[in-house]
Amino acid sequence: MNEQLMIAGKPYYSRLLVGTGKYKDFTETRAAIDASGAQIVTVAIRRTNIGQTAGEPSLLEYLPPEEFTYLPNTAGCYSADDAIRTLRLARELLDGHKLVKLEVLGDPKTLYPNVIETIAAAKVLVKDGFDVMVYTSDDPIIAKQLEDIGCCAVMPLASLIGSGMGILNPWNLQIIIENSNIPVLVDAGVGCAADAAIAMELGCDGVLMNTAIAAARDPVLMASAMKKAIEAGRESFLAGRMPKKLYSASPSSPTSGMIG
Amino acid sequence: MEIYINGNIRKFDSGNMTISALIVTLNLTGKRLAIEKNGEIVPRSQFSEEKLQDGDKLEIVGAVGGG
């Protein structure tokens, strides 16, 4: 299928966005991302190790920014100010790159998003010229407010970051999708390929995941499974499912021409 | 002079150093990084002119794996 995901005016063939954390090493990171077919990869911004760093490999060598669209995130930020500061550094680091993932967390135990700080940060970042893909709760009102602020994609959680609990509230996601004029991507909580397919069948424009791939027994194989699940789920959504009925009395084989 | 780098204090013999010189001293030549000095981003194009002073606070960051 040749239909594309448009984010901030740029087309992408893959609707699977992946994180680059929690892998055994950079070789495994690269192999999994290749298997996933993802074009957009998230990265974190952290203090550089000063001292024993000469010759140490860097993520950028394994995932050249020329080959992938980087999506710097604000993981670990608990305030709007920290998130804004982090993304301004990311923009400088990546030569003026504007596409970012905003997430402001509420507490370190659950990693639940703090939507109040998220909204405050989104306002500043959009005004500052960033293309903001925003991680948020599955609250349809908040999702709409983030759209109205000018975010380029809204990314509600399926369940909590790293939990692998799957989609806990498909009804809320459906409301968000129905009301949204910008791409809706499920971000966080996907645990297996079936979860990803369900998200796409609900009508999500894409899915962002990290742990579901990186923490699988075989991350490269899971990355491949996720790629297929996203594609299958998307096609299933576009094809339009048959209506559910308790029973049909309409067998698939002809009722006429029976012997005897 | 003493400079705070990523939260740690470091002493340098030179009292007159640019950010470019600091990058060489710290063995970070060729690394892709962004630098904030006293809360303000220093564009890469200004590394060779930006002078450091005693007590400056630097954040030196790079991209790492994350979700």
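The values are calculated or read from the model by the stated rules, or taken from the named source; none is laboratory data. Given the structure is predicted, the values throughout are model-derived calculations rather than measurements. Methodologically, a virtual Cβ is constructed for each residue, glycine included, from the backbone with ideal geometry; neighbour enumeration extends over all protein chains shown. For accessibility, only protein heavy atoms count, side chains too; no ligands or nucleic acids. Shrake-Rupley method; radii C 1.70, N 1.55, O 1.52, S 1.80 Å.
Overview of values
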read-out	value
Test: A:L102 is in contact with a strand residue (DSSP E or B) (Cβ under 7 Å, 6 or more places away or on another chain) and either open to solvent by 20 Å² or more (accessible area, probe 1.4 Å) or at pLDDT below 95 (or both)	no
Selected residue [open to solvent by less than 80 Å² (accessible area, probe 1.4 Å) and in contact with a Ser or Thr (Cβ under 9 Å, 6 or more places away or on another chain)] from A:A194, A:A232, A:A223	A:A223
Filtered residues of region A:44-69 (kept if touching a Leu at 6+ places or on another chain (Cβ under 9 Å), touching a residue at least 12 places away in the same chain (Cβ under 8 Å) and surrounded by fewer than 22 Cβ atoms within 10 Å (Cβ to Cβ))	A:P65, A:T69
Enumeration of residues in region A:159-191 that are of a type in the set (S, T, Y), within 20 Å of A:L102 (Cβ to Cβ) and open to solvent by 10 Å² or more (accessible area, probe 1.4 Å)	A:S180
Filtered residue count, region A:204-219, keeping only those that are of a type in the set (A, V, I, L, M) and either more than 14 Å from chain B (Cβ to nearest Cβ) or closer than 13 Å to A:E28 by Cα (or both)	4
Residue that is within 11 Å of the chain's Cα centre (by Cα) and in a loop (DSSP other than H, G, I, E, B), where the choices are A:V186, A:V190	A:V190
Given (1) away from every other protein chain (no Cβ under 12 Å); (2) touching a His at 6+ places or on another chain (Cβ under 7 Å), number of the condition A:T110 does not satisfy	(2)
Residue in region A:26-34 that is in contact (Cβ under 8 Å) with a residue 40 or more places away in the chain, β-branched (V, I, T) and more than 9 Å from chain B (Cβ to nearest Cβ) present	yes
Single unsatisfied condition, A:L160 versus (1) at pLDDT 95 or above; (2) farther than 30 Å from A:G240 by Cβ	(1)
Qualifying positions in region A:70-93 - open to solvent by 10 Å² or more (accessible area, probe 1.4 Å), facing chain B (nearest Cβ under 7 Å) and within 20 Å of the chain's Cα centre (by Cα)	A:A75
